[in-house]
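Worksheet: one structure, shown below.
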Amino acid sequence: MSVLIYTEFAEGKFKKVALELASYAKKVAESLGTTLTAVTVNAGDVSELGKYGVDKVLKVTDSKLDKFNAKAYADVVKQAAQKEGSKVVVLSSTTDSLYLAPIVAVGLDAGYASNVVALPVSTSPFQVKRNAFSSKGFNVTELTSDVKVLALAKNSFGLAEASGAAATEDFAVTLNDADFNIHIQNQEKASGKVSIADAEIVVSGGRGLKGPENWGMIEELAGVLGAATACSKPVSDLDWRPHSEHVGQTGKPVASNLYIAVGISGAIQHIAGINASKVKVVINSDPEAPFFKVADYGIVGDAFQIVPELTKKLKEFKANNN
Amino acid sequence: MKILVCISHVPDTTAKINFTNGDTEFDTNGVQFVINPNDEFGLTRAIWFKEKQGAHVTVVNVGGAETEATIRKALAIGADEAIRVNAVPTDGFAVAKQLAEVVKAGSYDVVICGKESLDYNGGMVPGMLASMLGYNFVNSCVGVEVEGSNATLIREIDGGKETLTTNLPLVIGGQKGIVEEKDLRIPNMRGIMTARTKALNVMEPVAADAKTKAVKFEKPAPKSAVKLISPDNLDELINLLHNEAKVI
């Protein structure tokens, strides 16, 4: 009857979203009067999960699962849910977990709500609040099925430490040959760079930067803050920056703690893409730029003077506060 | 190759979002509806396959008669024929079930959906549809090539991308990148005239119970006014981000 979560493990540790997921799901489990089980795939040391409320870890170890495979990983989550008798299964909002979740939902004949931003409004009936209309609204969704699958929006709950240790159990999964019909040929991952998906802070540039040759100052500011870099749609359309950095309604959504927009006027589609970010700072020479209407902090002025100066001051601040 | 493109009828990206009837319904008053942008990228790629490899392209939408203008636009862009499943979409599960029936009846080799629609942003239908059909499925797809019964795809992953190969039949959850925005087609007069003569078949739905329902809607709380900081006082910004917002 446990609540079940699938926790992503990469490069020797659990992703932060996995720990946020555990923190959230523990509260859901408590409100349902039950325990929290996590399932892991080829994870090493899983003891950290106990610190975020996980009571039991089902450890799946299988070399066939070394590379992510949505169908096979969905089998893992489904079989773990069946073993635990879980009525609520919660996943993160990473690209991989969002790939998995609908497959898991069909496998468990479950209703599925994605973009969940808060603890359930009620557990009987089971209702959750989720982002909709590209964060321009919220929707309270009722899940009427016996089993429910949720995907938690990033940075929507935060981390909540608990005192406890998780029991671990090796769990063998039955995999189907048909699960392995999709073959990974190669992967290109930017190493040493913070990805928009994982970033707590995003520094983004727009057409106000005048050209790709000026991106150095955005990268430098991002470097000081440990932030990811991003851009507005016109910038990616002009090929100043790769499409993978385009933030907005048809690009990447950003739910960071801090979003710094430099030289971006704030088209409605861009704002929709960053609405879920907690704190927004805007630097723009045009005081009428629509972005100032949704920003928390704003500076009207020349980005080419402000950004290098801000970077310098932040370096000093970091040096004094570390 | 037979391609089915699933299109969703959604508010335009610039639409103001309001709710009505005690915040239980989306207010469609004055809202322009369009083909869901992620679906339009997929549709354009399908038309490319039609022109380069002789594919036959069908578009499908699950919706009431009010979605036919959107379906006609897809025909004007270049789809060969269209199907409207005459059901009000309730949730992703019910929509995927209707689409699965259409796929089974038409024996499509490739089914292209947008990875999510811009109204509920659920991201549910492509994966559910593939699962119901037992088809291979690639989500967050930013590139696709098909040769015979083999497909090579590029999908976005967190922090990069990966290249995959698989065989047909296949369901794709596509997004910007599967074609670029500059390559999207605007219907021309000839396309619009031809679209009027293309078949738009209406299918009655199969029984499909939704597993979720929208109970009510809320708008985000109004924001307090921006705090403006002088460009000559960047220390104040750092101080506010550290002590007030607590984000650095």
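Summary of computed values
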item	result
Built amide H within the under 5 Å cut-off of B:V142, gap 5+	B:I154, B:R155, B:E156
Quarter of the Cα convex hull surface for region A:235-322, i.e. its orientation-mean projected area (nm²)	6.4 nm²
Partners for B:K50 among aspartates and glutamates (Cα-Cα distance below 18 Å; same-chain residues under 8 apart left out)	B:D39, B:E40, B:D80, B:E81, B:D109, B:E145, B:E147, B:E180, B:D183
Spin-label pair A:D170/B:A207, simplified geometry with 7 Å Cα→Cβ offset, distance in nm	4.7 nm
Neighbourhood charge, 13 Å Cβ-Cβ cut-off, centred on A:A166 and excluding it, Lys, Arg +1 and Asp, Glu -1	0
Dimensions (Å) - region A:283-322, Cα atoms, principal axes, largest first	36, 20, 7
Proxy reagent accessibility, fewest Cβ within 10 Å first, across B:R84, B:R155	B:R84, B:R155
Measure of compaction for region A:18-157 (Cα Rg per 2.2 N^0.38 Å)	1.00
Between 0 and 90°, nearest 10: helix A:216-225 axis offset from chain A longest Cα axis	50 degrees
Region B:113-245: proportion of alpha-carbon pairs further apart than 20 angstrom, %	70 percent
Interchain or long-range residues, amide H under 5 Å from A:V90's placed H	A:L4, A:I5, A:Y6, A:L150
Antiparallel bridges, percent of DSSP beta bridges restricted to the protein assembly as shown (to nearest 5)	40 percent
Distribution of pairwise C-alpha distances over region B:1-126, 10 Å bins, in %	13, 45, 32, 8, 1, 0
A:K278/A:S191 FRET efficiency (R0 41 Å; Cβ-Cβ; nearest 0.05)	0.90
Equivalent ellipsoid semi-axes, region A:102-149, via Cα gyration tensor eigenvalues times 5, rooted, Å	19, 14, 7
Centroid-to-centroid separation of region B:230-246 and region A:21-37 [C-alpha atoms, Å]	37 Å
Average beta carbon contacts from partner chains per residue of A:129-135, 10 Å cutoff	6
Residue of A:I184, A:I264, A:I306 that the Gaussian network model of chain A assigns the largest fluctuation, springs spanning Cα pairs under 10 Å	A:I184
Efficiency of FRET between B:H242 and A:K16 - r from beta-carbon atoms, R0 30 angstrom, step 0.05	0.90
Descending principal axes extents, chain A, alpha-carbon based, whole Å	60, 42, 42
Relative contact order %, chain A, counting alpha carbon pairs below 8 Å whose residues are six or more apart	14 percent
Order of B:L118, A:L150 - criterion: other Cβ atoms within 10 Å of each residue's Cβ, fewest first	B:L118, A:L150
Residue mean of other protein chain beta carbons inside 10 Å, A:178-191	5
For q = 0.18, 0.24 Å⁻¹, Debye-computed log10 I/I(0) when each Cα of region A:183-274 counts as one equal scatterer	-0.74, -1.27
In Hz, Karplus ³J(HN,Hα) per residue of region B:160-168 (6.51, -1.76, 1.60; θ = phi - 60°; x = Gly, Pro)	x, 8, 9, 9, 10, 10, 7, 10, 7
Expected-Rg normalisation [2.2 N^0.38 Å, Cα atoms] applied to region B:179-248	2.41
Residue exposure sequence - B:C6, B:C113 - by fewest surrounding Cβ within 10 Å	B:C6, B:C113
Charge context of A:K56, other residues only, Cβ under 11 angstrom, K/R +1, D/E -1	-1
Viscosity 1.002 mPa s, temperature 20 °C, Stokes-Einstein D of chain B from Kirkwood C-alpha radius, µm²/s	108 µm²/s
Overall form of region B:83-124 per C-alpha gyration tensor (a/c, 1.5; a/b vs b/c)	oblate
Whole-Å distance, taken between Cα centres, linking region B:1-70 and region A:52-92	34 Å
A:L119-A:D286 pseudo-label distance in nm [points 7 Å out on the Cα-to-Cβ vector]	4.4 nm
Cα-based helix-to-principal-axis angle, A:95-107 vs chain A, degrees rounded to 10	30 degrees
Spin-label model distance (nm) - A:Q82 vs B:N167, 7 Å beyond Cα toward Cβ	2.6 nm
Filter on A:K56/B:K161; A:K293/B:K216; A:K233/A:K318; A:K129/A:K280 - keep pairs with C-alpha separation over 25 Å	A:K56/B:K161; A:K293/B:K216; A:K233/A:K318
Over region B:50-195, volume per residue of the alpha carbon convex hull, in Å³	125 Å³
Degrees separating the helix A:16-31 axis from the principal Cα axis of chain A, which is the longest one	50 degrees
Sequence-distant residues sharing a close amide H with A:W215 (under 5 Å, placed H)	none
Theoretical FRET efficiency, 1/(1+(r/R0)^6), r = Cβ-Cβ of B:T14 and A:D177, R0 60 Å, to 0.05	0.80
Rg(Cα)/(2.2 N^0.38 Å) for the protein assembly as shown, N = residue count	0.96
Net charge contributed by nearby residues that have their C-beta within less than 14 Å of A:T34 (K/R +1, D/E -1)	+2
Fraction of antiparallel bridges per DSSP, region A:39-144 only, in percent to nearest 5	75 percent
Spin-label zone in region B:1-27 - amide nitrogen under 18 Å from a point set 7 Å from the Cα of B:S149 along the C-beta vector	B:1-3
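Just so you know, all these numbers are worked out from the coordinates, no wet-lab data involved. Please read these numbers as outputs of a predicted model, since none were measured by experiment. Quick reminder, even Gly has a Cβ in these numbers, built from the backbone with ideal geometry, and neighbours come from all protein chains shown.
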